[in-house]
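Quick note: the coordinates plus some simple rules give every number you see, no bench work behind them. In this text the structure is predicted, and so the values were computed from the model without any measurement. With ideal geometry, Cβ positions are generated from the backbone for all residues, glycine too; neighbour counts draw on all protein chains shown.
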Amino acid sequence: MSAVAQDTRTLVEVRDLAKVFDVSAPWLNRVVERKPRQFVHAVDGVSFAIARGRTLALVGESGCGKSTVARLLVGLYAPTRGSVHFDGADTASLDGAALRALRRRMQMIFQDPYASLNPRWKVLDIVAEPLREHALVRGDAAVRERVVDLLQSVGLAAADCEKFPHQFSGGQRQRVSIARALATGPEFLVCDEPTSALDVSVQAQVLNIMKDLQRERQLTYLFISHNLAVVRHVADEVGVMYLGRLVELAPKRELFAAPRHPYTRMLLDAIPDIHMTGRARTPVQGEVPNPLNPPGGCAFHPRCPHADARCRRERPALTTFKGVQVACHAVEEGRI
């Protein structure tokens, strides 16, 4: 268990979380073509914890399972195995009023601001929906006043209430999404690549708003991203995922200063940096394996310059090494 998990201020704890999707062809096709059922292990035994007011970032290439983790945490998917604990309670055991209260305390900001807002609704109705759904504010005048406060907290104006989503830029739409997520007064926000669809200058504005809101409201974030430059700006801890599993989990400064896992090193070496000119880099090798037929042993071994026979045969466990959790035989054996 990580050092964060031992903190008495832990708000969110994930234990051995797994999600398997059945992607088999229809039954008749399988019978005629004599094909077996096929399964994708999108998330395969992920464990971590997030303390109150902190940000854990999950990073990795597309298809590594980080967005599936996000959806498991907020209940959009049911886990195949494992559990999610929020403020000490197993979320799977809650129902009725307790489940509604939980949904007020955790919200999600989606990746695409062009798809996550109803194009037929005005911003007033979009941001007010959770207020009305949870009966947090009563009366049209009070609802409007609350929506205006929320919009102003993310840098928008009161007049924006009467506009439709198509009248905004991408960055402004994402601010509307953040305002909607804040409507219920949540403690925990799951942010699924909230800036990946935005221009770089707009990304910085949105990230600064999120950091300011975190300080003002003591918010806790799970931040999903494939951009390590963004992660460096927002995260306190970083988890690196590969084919559904965590391969490294470390405080941000330690991970960027001394990455342990070869995959983490490869991701960091891919970031353009003028100060690293002339430094030896690990080249980006190969492609992510087919998740329907993942490699045996360590899933990263076909792309790893340090792989040996044990790596091809035995899957490494996530173990603590000098204060950092890493799943790598080469690190464990002192080869790197």
TODO: Sum up the charges of everything whose Cβ sits under 15 Å from the Cβ of Lys211, counting Lys and Arg as +1 and Asp and Glu as -1, but leave Lys211 out.
DONE: +3
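Say R0 is 56 Å: what FRET efficiency, to the nearest 0.05, do Leu94 and Glu162 get from their beta-carbon distance?
The pair Leu94/Glu162 has a calculated efficiency of 0.90.
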Open item on the list: What is the sum of charges, Lys and Arg at +1 and Asp and Glu at -1, for the other residues whose Cβ falls under 11 Å from the Cβ of Arg253?
Closed with: -1
- [ ] Please get the size of the charge dipole for the stretch 4-332, origin at its Cα centre, with Cβ charges of +1 on Lys and Arg and -1 on Asp and Glu, quoted in debye to the nearest 20.
- [x] 440 debye
TODO: Work out, step by step, the length gained on full extension between Ala258 and His134: first 0.36 nm times the residue separation, then minus their alpha carbon distance; give nm to one decimal.
DONE: 40.1 nm
Open item on the list: Treating only the Cβ of Lys, Arg, Asp and Glu as charged (+1, +1, -1, -1), what charge dipole size does the stretch 186-336 show about its Cα centre? Round to the nearest 20 debye.
Closed with: 520 debye
- [ ] Please report Rg over Rh for the chain, where both radii come from the alpha carbon positions and Rh follows the Kirkwood definition.
- [x] 1.00
- [ ] Find, among the trypsin sites (Lys or Arg not before Pro) in the stretch 292-324, those assigned to loop by DSSP (not H, G, I, E, B) with at most 14 other beta-carbon atoms within 10 angstrom.
- [x] Lys322
Open item on the list: What is the sum of charges, Lys and Arg at +1 and Asp and Glu at -1, for the other residues whose Cβ falls under 10 Å from the Cβ of Gln38?
Closed with: +2
TODO: On a C-alpha basis, how far is the centre of the stretch 290-336 from the centre of the stretch 64-122 in Å? Whole number, if you could?
DONE: 31 Å
